[in-house]
Amino acid sequence: MSDATRRIVGPFNRVEGDLEVQLEVSGDRVERAWVVSPLYRGFEQILRDKDPLDALVYVPRICGICSVAQSVAAARALASLEGLAAPRNGELATNLVLANENVADHLTHFYLFFMPDFARETYAGEAWYGEAAARFRAVSGSAAAQVLPARAEFLHLMGLLAGKWPHSLALQPGGTTRSVESGDRARVLAVLFGFRQFLERCLFGDALENIVALDSAQALEDWCAHRAPVHSDFRHFLHIAEQLQLQNLGRAQDRFMSYGVYPADGTPLFAPGVFSLDNGTTQPLEQSAIREDSSHTWNTQGLDAAHPYDGVTQPNLDNQQAYTWCKSPRLGESPVEVGALARQVVNGHPLLRDLVQQSGGNVRNRIVARLLEIALVVIAMEGWARQLRPKEPFCHSANPPDEARGYGMIEAARGSLGHWISVQRGRIANYQIIAPTTWNFSPRDIRGAPGPLELALQGAPLRADESGGARRDPVAVQHIVRSFDPCMVCTVH
């Protein structure tokens, strides 16, 4: 359009890694967006020709905040090579360690990454601003003094169950090498009890069981109205979301995918599948339908989309269509959104299904899903800890075959994470990783279809002090980007 202008937003603070968003703005709206991952890592190249078990050493170092998720995905890929299943203790302990990291990530995102944006000066004229800024301002807000100690205490579970964090080697294809004794189990339960107290006092202002029992948009509205907004941080967010109409911001394709996570006796806590709002049904997930398109990527793979087993990660700056290092993952030919909202919609939680039926995937619904998942998972963690059986096996072992291929598909905090490994002559011939932010922050594909964030940014409004000559970064863009909780260092390997 003739009055359209280009602007670049970034780098984003409070985001793990480098991110740049290019916007085409017309009047007071974003017309189009291009999401740029400017940092190339090279992990998939590093892993080539290594011993398959070396992956357990390398992949946790992809990221310092979701290293357990990378370890679990690698362990699952190696287990599929070996045909190895973990004993029940190992399954439960792995669930606890992964859940510990995922829940800590959700908590960190809400308090330290997302809510501080409501303390921005652009909102100073809003009636709710004073209380929000006092509570959620980065570092100096009153929430930080409560959240940081609670988070640190909660992460003590890592020491008890995995030895250390990040980069633990306790997570193995056949389970966990850190066996849990009776005293350890008691300490795990004590940590979970203390964390539950924090959640019920500060985040929710209510019992976790009451939060997970909310079964509709109306039930959530009634629960929120029962107390003042400042009674709990969840209510505080819901009040701000209503004032800013965040349910109308950041809608993407409304096609959601989950690999499933936290298995126990063959049944995951959150089921795998694909949910599309178009038909309102959940379909089985076909791993073989996953493809990566490199048409807009600085990569040598070419224009043909490839399954990760056949994927190539080799830099090539000659692609004239490229604008990012991030490939374009697609399920079949479709972009999909991943994350806590996708997990809960696929799993059929009635509250999230109702919210999505009313307003699709958006900023408010992504945050509600993340907080609901904290309550769901902490309750499950208490059950897993009680089921641990000291003195019984926690790990089985086997050697990887000389010729094979396998994959590990799990759910990290930010969504679906997959590792695909091919072994030839006892060495890694190919290793490909598709991280959650690779799905959500993917560029356009060969058909020109934008990734979830690129679509979600279309139509984002600019406030009066952000358009014209002001040139401030649009706060709506910040909210949309952060609603996906990007981890950029995981995005490109």
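With a bin width of 10 angstrom, please list the P(r) values of segment 349-420 as percents of all Cα-Cα pairs, from the 0 bin to the one holding the largest distance.
Calculated P(r), rounded to whole percents: 13, 27, 30, 19, 10, 0.
Provide the per-residue ³J(HN,Hα) series for segment 43-60, in order, calculated from phi with Karplus coefficients 6.51, -1.76, 1.60 and θ = phi - 60°, each as a whole number of Hz, with x at glycine and proline positions.
Result, ordered by residue: 4, 5, 6, 4, 6, 4, 6, 7, 4, x, 5, 5, 4, 5, 8, 7, 5, x Hz.
Projecting each Cα onto the charge dipole of the chain (Lys/Arg +1, Asp/Glu -1 at the beta carbon, about the Cα centre), which of 197, 407, 459 comes out farthest on the positive side?
Checking the options against the dipole of the chain, the answer is 197.
Cross-link candidates for residue 327: which lysines have Cα within less than 28 Å, leaving aside residues fewer than 8 places away along the same chain?
Candidates past the 8-residue exclusion: 50.
Take each complete run of DSSP H in the chain, measure how far its Cα atoms stretch along the helix's own axis, and keep only those covering 24 Å or more with mean Kyte-Doolittle hydropathy at least -0.5; list them.
Once both thresholds are applied, what remains is 88-108, 182-198, 363-387.
What residues have an amide H closer than 5 Å to that of residue 254, excluding those fewer than 5 places away on the same chain, when H is modeled at 1.01 Å from N in the peptide plane?
Distant-sequence amide H within range of residue 254: 361.
About the Cα centre of segment 41-491, how large is the charge dipole given +1 on each Lys and Arg Cβ and -1 on each Asp and Glu Cβ? Please answer in debye to the nearest 20.
Here segment 41-491 has a charge dipole of around 700 debye.
So for the chain: antiparallel DSSP bridges make up what percent, rounded to the nearest 5?
95 percent
Once you have the Cα-Cα distance between residue 32 and residue 142, take 0.36 nm times their residue separation minus that, and quote the gain in nm to one decimal.
Length gained between residue 32 and residue 142: 35.8 nm.
Determine the shape class of segment 294-384: with a ≥ b ≥ c the square roots of the Cα gyration tensor eigenvalues, call it rounded for a/c under 1.5, and otherwise prolate if a/b is greater than b/c, oblate otherwise.
prolate
Label residue 391 and residue 226 with points 7 Å out from Cα along Cα→Cβ: what is the distance between them in nm?
4.4 nm
Using only alpha carbon pairs under 8 Å that are at least six residues apart, calculate the relative contact order of segment 41-491 and give it in whole percent.
Answer for segment 41-491 is 24 percent.
Quick one: which residues, 5+ away or cross-chain, put their amide H under 5 Å from the amide H of residue 427? H built at 1.01 Å from N.
Those lying under 5 Å, H to H, from residue 427: there are none.
Which FRET efficiency value, to the nearest 0.05, do you get for residue 120 and residue 153 by plugging their Cβ-Cβ distance into 1/(1 + (r/R0)^6) with R0 = 45 Å?
The computed FRET efficiency comes out at 0.90.
Express in nm, to one decimal, how much length is gained between residue 447 and residue 215 on full extension, taking 0.36 nm for each residue of separation and deducting their alpha carbon distance.
79.7 nm
If amide H atoms are built 1.01 Å from N in the plane of the peptide, which residues on other chains or at least 5 residues away come under 5 Å of the amide H of residue 493?
Residues meeting the amide H criterion: 41, 42.
Could you sort 239-246, 448-455, 64-71 so that the peptide with the highest average Cβ count within 10 Å comes first and the rest follow in order?
Packing order, densest peptide first, comes out as 64-71, 448-455, 239-246.
Considering the dipole of segment 249-301 built from charges on the beta carbon (Lys and Arg +1, Asp and Glu -1) around the Cα centre, which of 258, 298, 268 is farthest to its positive end?
The Cα lying farthest towards the positive end belongs to 298.
Is it possible to state the helix-based mean residue ellipticity at 222 nm for the chain, with each DSSP H run of 4+ residues giving -39500 (n - 2.57), the sum divided by total residues, to the nearest 500 deg cm²/dmol? What is it?
-11000 deg cm²/dmol
The numbers here are math on the coordinates, done by the rules we state, and not lab data. From a predicted model like this one, the values you see are computed outputs, not experimental measurements. Neighbour counts run over all protein chains shown; Cβ positions are idealised from the backbone, glycine included.
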